[in-house]
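The values are calculated or read from the model by the stated rules, or taken from the named source; none is laboratory data. These figures come from a predicted structure and were not determined experimentally. Here the Cβ is made from the backbone with ideal geometry for all residues, glycine too, and neighbour counts use every protein chain on show. Just the protein is used for accessible areas: all its heavy atoms, side chains included, with ligands, DNA and RNA removed. Shrake-Rupley method; radii C 1.70, N 1.55, O 1.52, S 1.80 Å.
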Amino acid sequence: DNREIRIIFKDFDVSGDDALDYSEFCMFTLACINKQKLMKKKRFKTLLQRRFRFLARQRQPVVEYINKAINECVP
């Protein structure tokens, strides 16, 4: 979000003139790109966890049905 960008901007404004020169801008841009990659990775991980939990809940009744059918068939 914008607040995080301002914090990163302030960190990379080494000269303290509230402006980024070319080298500061390059470092700032790379930091923003890395932050974006980390956020995407975190969102992807969260999405996978949600999907696995959903699939586990969907699978449980099927497993119970199969176990019940096996137990009824085995003397």
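Give me the count of lysine pairs in the chain whose alpha carbons sit under 22 angstrom apart, restricted to pairs 8 or more positions apart or on different chains.
Working: LYS10/LYS35; LYS10/LYS37; LYS35/LYS45; LYS37/LYS45.
So the count works out to 4.
If GLU72, GLU64, GLU4 are ordered by their accessible area, calculated over protein heavy atoms with a 1.4 Å probe, which sequence runs from highest to lowest?
Working: GLU72 135, GLU64 105, GLU4 60 Å².
Largest accessible area first, the residues go GLU72, GLU64, GLU4.
Between PHE54, PHE12, LEU38, whose Cα lies farthest towards the positive end of the dipole of the chain when Lys and Arg beta carbons carry +1 and Asp and Glu beta carbons carry -1, centred on the Cα centre?
The residue sitting most towards the positive pole is PHE54.
Given only helices, namely DSSP H runs of n ≥ 4 each adding -39500 (n - 2.57), what is the per-residue ellipticity at 222 nm of the chain, to the nearest 500 deg cm²/dmol? Present the calculation step by step, with values, prior to reporting the outcome.
Working: 2 runs with 63 residues, N = 75.
So the helix-based figure for the chain works out to -30500 deg cm²/dmol.
Tell me the per residue accessible area of segment 1-67 using a 1.4 Å probe; a whole number in Å² is fine. List each step's numbers first, then the result.
Working: 6160 Å² over 67 residues.
Ligands and nucleic acids excluded, the result is 92 Å² per residue.
Looking at segment 25-66, which trypsin sites (Lys or Arg not before Pro) are DSSP coil and have at most 12 other C-beta atoms within 10 Å of their C-beta?
Numbers: sites: LYS35, LYS37, LYS40, LYS41, LYS42, ARG43, LYS45, ARG50, ARG51, ARG53, ARG57, ARG59; in loops: none.
When the trypsin sites (Lys or Arg not before Pro) of segment 25-66 are filtered for loop state and at most 12 Cβ neighbours within 10 Å, nothing remains.
Taking the structure as given and computing Rg/Rh (Cα atoms, Kirkwood Rh), which label from [x] 1.33; [y] 1.53; [z] 0.98 fits?
[y]
Mind pulling the angle between the C-alpha long axis of helix 22-73 and the longest principal axis of the chain? Nearest 10 degrees, somewhere in 0 to 90.
Helix 22-73 sits roughly 10 degrees off the main axis of the chain.
Got a number for carbon plus sulfur as a percent of the chain's accessible area, 1.4 Å probe?
Working: 4320 of 7020 Å².
For the chain, the apolar C and S fraction of the accessible surface comes to 62 percent.
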